[in-house]
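Can you keep this structure in mind? I'll have questions shortly.
The values are calculated or read from the model by the stated rules, or taken from the named source; none is laboratory data. Bear in mind that the values here come from a model prediction, so they are computed numbers and not experimental data. Virtual Cβ from ideal backbone geometry, glycine too; neighbours counted across all protein chains shown. In case anyone asks, the SASA skips ligands and DNA or RNA and just uses the protein heavy atoms, side chains included. Shrake-Rupley method; radii C 1.70, N 1.55, O 1.52, S 1.80 Å.
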Amino acid sequence: MSTDDVDIAEEISADAFHALDLRLRGAGDPDPVRRPDGSAWIARTRRLVATDGPGCWVAEADGAVVGIATSIRREQVWCLVTFAVRPGLQGSGIGARLLAAAERHGAGCPRAMLSASADPLAARRYHAAGFALHPHLRLEGPVDRSALPVVTGLRAGTEADREWLDDLDRHHRGGPHGPDHDALAADGDLVVAADRSGYAYASPHRLVVLAAREEATARMLLWECLARAEGSFLASHVTAVNAWAVDVGLAARLVLSTRGYLGLRGMAPPAPYLHDGALL
Ligand SMILES: CC(C)(COP(=O)(O)OP(=O)(O)OC[C@H]1O[C@@H](n2cnc3c(N)ncnc32)[C@H](O)[C@@H]1OP(=O)(O)O)[C@@H](O)C(=O)NCCC(=O)NCCS
């Protein structure tokens, strides 16, 4: 993938995920909406082409881009960021070739992570590539503000915190977020434990990523994100080992469901850790 491919890559990704939402829509679900504004996706992917060019691939047919895979390598961990094939061409082996190309960027990495959609084609592909699939629990809804506890020991994070954030990420994932902090900061505000035992990026509408040394800190951080919520809040990447987040979410009267998987190779599900869906 070159930077010239990023605009068409965004279109393919938006089309593929829209088609997936249509395909998996349940009776009574609202009409799925195609990604209305691709600018954040484009900005993030341009950064990835710059930092991890060998991990970013397109598939071409008759000179046209028909599929994409982007991935990053951060010390001991390789992460698949985005993976999509043009609707109508899925299920014919294009994805398998793209994934194999992107995976070469992670050659020698003992660990690998990806956040899988609910697409059965994706699950089949990842399983074949040796990933264990850990179901995502999902917490969503308006926060019952009467449930909010008093939270202490937190402060707003700054770029000066990134070094110890990276150490915490090494502990959980085997690699730092490093150059990905800019993209995480574009998606949410950073809140940190004053004693450097945890952090979270969150917008008023969703949790981006949360990491802590201990569950008590993780709970405080999630409560703080819920306190800052406006309207409906979503934490969509909770694995079963992070049952503390289910406790907090249900206490705040969010609604629990399941969708998609955390795919892992060479590692157990991290905790207390709620991963980002793209940069993990
Ligand atoms: C996931 C995706 C990128 C895979 O690309 P692809 O070209 O469809 O993948 P492949 O054809 O290589 O592999 C799909 C597998 O599913 C199988 N498959 C096809 N139709 C299927 C169906 N209806 N149900 C289950 N499996 C199916 C294929 O036979 C193949 O398995 P096999 O290699 O063992 O035969 C693509 O399907 C896609 O864009 N999906 C929507 C977006 C998405 O969910 N992306 C992943 C985000 S994590």
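Looking at (1) under 21 Å from the mean Cα position of the chain (by Cα); (2) not in a helix (DSSP H, G or I), which is the only condition Pro149 fails?
If we test Pro149 against (1) under 21 Å from the mean Cα position of the chain (by Cα); (2) not in a helix (DSSP H, G or I), just (1) comes out false.
Give the number of residues within segment 259-280 that are away from the ligand (no atom under 15 Å from the Cβ) and not in a loop (DSSP other than H, G, I, E, B). It would help to see each step written out before you state the result.
Here is the first cut: in segment 259-280, the residues away from the ligand (no atom under 15 Å from the Cβ) are 266-274.
From the residues that got through so far, the ones that are not in a loop (DSSP other than H, G, I, E, B) too are 273-274.
Residues meeting the conditions: 2.
Could you list, in sequence order, all residues of segment 51-64 that are within 10 Å of Met1 (Cα to Cα) and within 16 Å of the ligand (Cβ to nearest atom)?
Of everything in segment 51-64, those that are within 10 Å of Met1 (Cα to Cα) and within 16 Å of the ligand (Cβ to nearest atom) turn out to be Gly55, Cys56, Trp57, Val58, Ala59.
Working only within segment 184-211, note down all residues that are acidic (Asp, Glu) and touching a Gly at 6+ places or on another chain (Cβ under 9 Å).
Residues of segment 184-211 that are acidic (Asp, Glu), as a first pass: 187, 189, 195.
Scanning segment 184-211 gives Asp189, Asp195.
Next up: Test each condition in (1) open to solvent by 40 Å² or more (accessible area, probe 1.4 Å); (2) within 12 Å of the ligand (Cβ to nearest atom); (3) not assigned by TED's automatic domain parsing to the domain that holds Val49 for Ala132 and report the one that comes out false.
So the condition that Ala132 fails would be (2).
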